[in-house]
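See below for the structure under consideration.
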Amino acid sequence: MPALPIPPSLRRLAGSPWSEVTLAVVTTVAQMAPLLFKHSDSGHPWHWWGYFVAVGASLPLAVRRLAPATVLLVCATFSSLYDLAAPVAPQPLWYGTLIALYGMASVSPPRVRIPVFLAMCMGGIATVGSPDTATRGIVLYVAVYALGRASAGSRAEAAVLAERAARLERERRMDEERAAERERARIARDMHDVLAHSISLMVVQAEAGPVALNTEPARAAAAFGAIAGTGRDALDQLRRMLAVLKDEDGPRDPQPTIHDLPALARQVEGAGLEVSCTADGEPRPVPADCGAAAYRIVQEALTNVVKHAGADRAEIRLRWRDDGLEIRVVDDGRGAGKNLPSGGNGLIGLRERAAACGGTATAGPREDRLPGFEVRARLPLAAPEAGVMA
């Protein structure tokens, strides 16, 4: 059964000192109800002693959080002195004593609560004349004590679960950060070749320009223009990647491009997944970093399909727009499932890949509401305008 919702105002009151004062006042009024609303058989008013004991056995609850064992002893002592004067109204249940016992059992350590509880039980047996009444009182005390201990156990378990959840959340964030760092390192390796290619072109054109300067001025001007264009493009890419550049050793293969996607589809089909690749719109030139990012995004998406989705078919959809390239990879599997959470390392890599070249990437259920999973990415076809580097 779902828990009843607690209004925020009551939740704030329960955590404030005024909650104990309110509890003490309400308990005192309830304890004095027989004195206020019942009349004696003789018609005489109740003795003032009854009012005094009812107040003394309930009002100390206002400070029970400060000294729960002391408040219990005070409430129990007052309740045991009720019958010293007459006439007084019958008091079948001492609410203040029971509430104080519950509070003491739920918060006090064993070296305090056990002696106080035993002393209270022995005092009740000694002051009550009827064995039946004493038995009922002891059973009631034991039940309230057990409720207090159960409450303490529930709070301890909740604290353990909260600590475990906080630890798991910290570990999840650390895993995400480590995955993002690894992906940034991979992106840096990819960008090494992109920037090296641009700088190589600049060097070749710079060496050819002075040779042709006197004999072929037009060719020299074209060379210098190529140097400027290549340099601007390399500078734009360098600025976008500066935050994620990492050193990583090892052999570097030629960078794949968007034109390698059909070969990637054929390679994945060797793993038993039927893959198709469609395109919509007029293809346009793609910056080198965006081409590599597009390939890696599709590669990671297909890898997740093979490893996690349990799909039979996947489709790569490219849509060429005036200002960007939209990529969608959809499958007919079981969706994200519990093996591929929304914050999984593979999906972090997709977002990092797209963000590195000024794009975006998301993943989730298919937009057409059919069974399966969908990865969506949008990459710019024109590099962002570069400002003046400080």
Original post:
Which numbered condition trips up Arg164, out of (1) among the charged types (D, E, K, R); (2) under 30 Å from Ile297 (Cβ atoms); (3) at pLDDT 80 or above?
Top reply: (2)
**OP:** Take region 125-151 and flag every residue that is open to solvent by less than 60 Å² (accessible area, probe 1.4 Å), of a type in the set (A, V, I, L, M, F, W, C) and within 39 Å of the chain's Cα centre (by Cα).
**Re:** Ala143, Val144, Ala146, Ala150
Original post:
How about region 358-381: which of its residues are open to solvent by less than 20 Å² (accessible area, probe 1.4 Å) and of a type in the set (Val, Ile, Thr)?
Top reply: Val375
**OP:** Select from region 69-109 the residues that are open to solvent by 20 Å² or more (accessible area, probe 1.4 Å), assigned to a helix (DSSP H, G or I) and farther than 22 Å from Ile125 by Cα and list them in ascending order.
**Re:** Val107
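Does Val306 count as modelled with pLDDT under 80, in a helix (DSSP H, G or I), open to solvent by less than 40 Å² (accessible area, probe 1.4 Å) and in contact with a strand residue (DSSP E or B) (Cβ under 9 Å, 6 or more places away or on another chain)? Can you show your working first?
On the way: modelled with pLDDT under 80: yes; in a helix (DSSP H, G or I): yes; open to solvent by less than 40 Å² (accessible area, probe 1.4 Å): no; in contact with a strand residue (DSSP E or B) (Cβ under 9 Å, 6 or more places away or on another chain): yes.
Here the answer is no, as Val306 does not meet what is asked.
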**OP:** Could you tell me which numbered condition Ala188 fails, if it satisfies all but one of (1) modelled with pLDDT of 85 or more; (2) open to solvent by less than 80 Å² (accessible area, probe 1.4 Å); (3) not charged (D, E, K, R)?
**Re:** (1)
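Considering only residues that are in a helix (DSSP H, G or I) and farther than 12 Å from Val88 by Cα, which ones fall in region 34-68? Explain how you work it out, then say what you get.
Just the residues of region 34-68 that are in a helix (DSSP H, G or I), to begin with: 34-37, 48-56, 59-63, 68.
Those that are in a helix (DSSP H, G or I) and farther than 12 Å from Val88 by Cα: Phe37, Val55, Gly56, Leu59, Pro60, Leu61, Ala62, Val63, Pro68.
Name the residue, out of Gly335, Gly250, Gly281, that is at pLDDT below 80 and more than 23 Å from Arg186 (Cβ to Cβ). Walk me through it before giving the result.
Values: Gly250 fails: more than 23 Å from Arg186 (Cβ to Cβ); Gly281 fails: at pLDDT below 80.
Sole residue among the options that is at pLDDT below 80 and more than 23 Å from Arg186 (Cβ to Cβ): Gly335.
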**OP:** Give me the pairs, please: first residue somewhere in region 62-73 and touching a residue at least 12 places away in the same chain (Cβ under 8 Å), second residue anywhere and surrounded by fewer than 16 Cβ atoms within 10 Å (Cβ to Cβ), beta-carbon distance under 6 Å, and either six or more positions apart or on two chains.
**Re:** Ala62/Val21; Ala69/Val112
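The values are calculated or read from the model by the stated rules, or taken from the named source; none is laboratory data. All figures in this text were calculated on a predicted structure; none of them were measured in a lab. Note that each Cβ is placed from the backbone with ideal geometry, even for glycine, and that neighbours are counted across all protein chains shown. Side chains included, ligands, DNA and RNA excluded: accessible areas come from the protein's heavy atoms. Shrake-Rupley method; radii C 1.70, N 1.55, O 1.52, S 1.80 Å.
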